[in-house]
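Let me begin by presenting the structure, written as structure tokens, before commenting on it.
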Amino acid sequence: MFSPRKPTLLVAALLAILTFAACGPTVSVATPSPSSAPTPSAAVGPTPSPTTPPDPAAVYAAIEPQVVAIRGLEPKASVEPKILDAAGIQKFVKDSFSKDNPPEVVAANGRLLITLGLLDPKASLQDLYIELLGSQVAGLYNPDDKQLYVVSKSGGIGPTEKVTFSHEYTHALQDQNFDLKGLALDQIGEGDRGIARLSLVEGDATLLMSYWATANLTQAETFQMLGESLDPESTKILNEMPAVLRESLLFPYTSGLSFVQGLQAAGGWQAVNDAFGKPPASTEQILHPDKYASGELPVKVDLPKDFATRLGAGWKVGLEDTLGEFQLKVWLANASGGNGAAAANAAAAGWGGDRVALLDGPDGSSAVVISTSWDTAEDALEFASAADAAVAGLAGSSDVISPVNGKTVTVVIAPNADLVGRIENVLGLAG
């Protein structure tokens with residue numbers, strides 16, 4: 001939906017690091033561990049006073065070659081990190097959101113989520129998104145101006161800031177070697193593909209960050225990160241966010257990490273490098289890496305090009321996109337009717353392709369059409385049953401159309417039954 005400019009999320013970072021701290025890295029890394037560093041008694045010059053604040057430039061400069069040694073990507077340009085405090089990251093997020101997301105696109109996404117039962121009609125999508133990112137982002141890299149940012153709410157440099165820099169510096173190396181803008185992460189109408197490719201980008205940086213932290217953080221520093229990640233205010237904001245925003249923000253880090261870890265375990269970092277040349281095409285490939293390995297691409301699903309015209313005067317298509325397996329799963333699990341998480345996961349599996357359209361009418365009303373294709377008739381039937389449960393509690397009228405023994409399912413959600421029927425007529429599904 002909206003691109004967060006490749007940020008580091010503290011909660012996602014901590015989960016990755018704690019997992020690696022418990023299990024240990026699966027490959028050796030050419031990075032000095034804390035135990036191999038000179039001891040205070042070694043003849044290496046005067047030891048800085050504990051009260052002397054470290055020089056940020058020197059700290060981050062020392063981390064750069066460690067990241068390069070682990071990841072194996074050579075830097076092609078220098079990167080000067082900028083430090084943002086709490087107020088600075090809030091302003092940056094707000095300004096970036098306004099710059100990158102036209103108001104009409106934000107409004108259309110809001111109407112889509114409201115119609116799907118994923119957002120309170122009284123909520124402001126823009127305000128929620130800015131609050132979420134402002135509370136969770138620990139750092140970010142912007143491929144537009146090649147600038148790296150680290151958030152330090154205390155003004156100091158501790159383990160959180162160091163780990164964040166290792167993550168964001170990985171993004172800088174990705175950009176210099178693979179051109180992140182070329183991945184078209186923000187392309188309108190390709191939401192599922194954008195999430196999948198962002199999962200590769202974030203999974204790579206999160207895996208690297210985990211290796212770096214395992215090699216360079218002490219146990220005390222890891223526990224310090226734990227304490228910082230459990231900030232009550234930030235945790236409260238995350239937990240109270242609509243599930244679709246919370247899960248969409250976390251997915252590229254958590255599922256992306258699993259995806260990239262599988263690539264790296266099978267073929268080393270070269271396999272990850274190769275994936276940037278052949279990026280994942282769907283979140284289905286992220287959730288089921290075997291489908292990426294086999295090259296199973298999404299089925300092309302088309303909606304009528306003259307959809308709005310055929311509905312009558314005053315109608316327009318406010319938004320058209322692809323939801324994909326991940327976002328369909330989120331919808332099935334969290335819409336007003338609701339399915340359990342396990343049932344939603346099972347019902348979204350077997351996804352072949354889809355297209356969703358937001359239809360805006362002359363009276364200010366909105367309708368949504370989701371046209372889907374499935375791998376088998378059984379998969380289609382399972383999704384249709386879950387979709388029936390998801391729309392059961394939605395306002396207005398709805399219909400789930402699934403031809404007998406067919407592999408397609410269409411969901412129509414509208415303010416009234418008459419409009420549902422008109423939409424089905426346009427789609428050739430009436431009767």
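Tell me, which helices (runs of 4 or more DSSP H) lie completely within the range 228-299 with 1 or more residues that are in contact with a Ser or Thr (Cβ under 8 Å, 6 or more places away or on another chain), among the hydrophobic types (A, V, I, L, M, F, W, C) and surrounded by fewer than 22 Cβ atoms within 10 Å (Cβ to Cβ)?
Ranges flagged: 232-240, 243-277.
Residues are listed down the side, and each one gets a yes or a no for (1) of a type in the set (Ser, Thr, Tyr); (2) closer than 30 Å to Asn339 by Cβ; (3) touching a strand residue (DSSP E or B) at 6+ places or on another chain (Cβ under 7 Å):
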residue	(1), (2), (3)
Thr115	yes, yes, yes
Leu119	no, yes, no
Gly134	no, no, no
Pro143	no, no, no
Tyr149	yes, no, yes
Ser152	yes, no, yes
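If only one of Gly352, Gly406, Gly393 is under 20 Å from Glu320 (Cβ atoms) and among the small types (Gly, Ala, Ser), which one is it?
Gly352
Does Gly155 satisfy the criteria of being on the phi > 0 side of the Ramachandran plot and modelled with pLDDT under 95?
Judged against the criteria, Gly155 is a match.
Among (1) open to solvent by 40 Å² or more (accessible area, probe 1.4 Å); (2) assigned to a helix (DSSP H, G or I); (3) in contact (Cβ under 8 Å) with a residue 60 or more places away in the chain, which single condition is Ile188 missing?
In the conditions (1) open to solvent by 40 Å² or more (accessible area, probe 1.4 Å); (2) assigned to a helix (DSSP H, G or I); (3) in contact (Cβ under 8 Å) with a residue 60 or more places away in the chain, Ile188 misses (2) alone.
Do you know which residues across the range 387-406 are under 17 Å from Thr115 (Cα atoms) and surrounded by 16 or more Cβ atoms within 10 Å (Cβ to Cβ)?
Scanning the range 387-406 gives Ala387, Asp388, Ala389, Ala390, Val391, Leu394, Gly396, Ser397, Ser398, Asp399, Val400.
Yes or no, residue by residue, for (1) farther than 22 Å from Ser96 by Cβ; (2) buried (at least 24 other Cβ atoms within 10 Å of the Cβ); (3) not hydroxyl-bearing (Ser, Thr, Tyr):
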residue: Gln147; (1), (2), (3): no, no, yes
residue: Lys153; (1), (2), (3): no, no, yes
residue: Leu208; (1), (2), (3): yes, yes, yes
residue: Thr214; (1), (2), (3): yes, no, no
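Given the residues Gly158, Gly134, which is the only one that is touching a helix residue (DSSP H, G or I) at 6+ places or on another chain (Cβ under 7 Å), crowded, with 17+ Cβ neighbours inside 10 Å and either in contact (Cβ under 8 Å) with a residue 24 or more places away in the chain or of a type in the set (Asp, Glu) (or both)?
Gly134
I'd like the full set of residues that are surrounded by 13 or more Cβ atoms within 10 Å (Cβ to Cβ) and over 30 Å from Ala395 (Cα atoms), limited to the range 98-122.
Within the range 98-122, Ser98, Asp100 qualify.
Tell me, which residue of the range 68-95 that is over 14 Å from Gly139 (Cα atoms) and under 23 Å from the mean Cα position of the chain (by Cα) is surrounded by the most Cβ atoms within 10 Å (Cβ to Cβ)?
Step by step, filter the range 68-95, then rank; the result is Arg71.
Would a scan of the range 386-395 turn up a residue that is of a type in the set (Gly, Ala, Ser) and touching a helix residue (DSSP H, G or I) at 6+ places or on another chain (Cβ under 6 Å)?
Looking through the range 386-395, at least one residue is of a type in the set (Gly, Ala, Ser) and touching a helix residue (DSSP H, G or I) at 6+ places or on another chain (Cβ under 6 Å).
Filter the range 162-181 down to the residues that are over 10 Å from Ile63 (Cβ atoms) and either open to solvent by 10 Å² or more (accessible area, probe 1.4 Å) or free of Cβ contacts under 8 Å to residues at least 24 places away in the same chain (or both) and list them by number.
Of everything in the range 162-181, those that are over 10 Å from Ile63 (Cβ atoms) and either open to solvent by 10 Å² or more (accessible area, probe 1.4 Å) or free of Cβ contacts under 8 Å to residues at least 24 places away in the same chain (or both) turn out to be Asp175, Gln176, Asn177, Phe178, Asp179, Lys181.
Do any residues in the range 298-326 that are closer than 22 Å to Arg422 by Cβ have Cβ atoms under 6 Å from those of residues that are basic (Lys, Arg) and crowded, with 18+ Cβ neighbours inside 10 Å, where the two are at least six apart or on different chains, and which pairs are they?
From residues that are closer than 22 Å to Arg422 by Cβ, the pairs are Val301/Arg355; Leu303/Arg355.
Write out, first by first residue and then by second, each pair whose Cβ atoms fall under 8 Å of each other, whose residues are 6+ apart or on separate chains, and whose first residue, in the range 194-207, is farther than 12 Å from Leu287 by Cα while the second is open to solvent by 10 Å² or more (accessible area, probe 1.4 Å) and among the acidic types (Asp, Glu).
So the pair list comes out as Gly194/Asp186.
Would you be able to tell me the number of residues in the range 300-316 that are outside any loop (DSSP other than H, G, I, E, B) and hydrophobic (A, V, I, L, M, F, W, C)?
The qualifying residues number 3.
Out of the strands (runs of 3 or more DSSP E) lying entirely within the range 317-431, which hold 1 or more residues that are at pLDDT 95 or above, at negative phi and under 26 Å from the mean Cα position of the chain (by Cα)?
Answer list for the range 317-431: 351-360, 366-374, 408-414.
Quick grid of which residues meet (1) touching a Leu at 6+ places or on another chain (Cβ under 6 Å); (2) open to solvent by 40 Å² or more (accessible area, probe 1.4 Å):
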{"position": "Gly340", "(1), (2)": "no, yes"}
{"position": "Ala357", "(1), (2)": "yes, no"}
{"position": "Ser365", "(1), (2)": "no, no"}
{"position": "Asp375", "(1), (2)": "no, yes"}
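The values are calculated or read from the model by the stated rules, or taken from the named source; none is laboratory data. Bear in mind the structure is a predicted one, so any value in this text is a computation, not a measurement. When we count neighbours, we look across all protein chains shown, and the Cβ atoms used for this are built from the backbone with ideal geometry, even at glycine. Note: areas computed on protein heavy atoms with side chains; ligands, DNA, RNA excluded. Shrake-Rupley method; radii C 1.70, N 1.55, O 1.52, S 1.80 Å.
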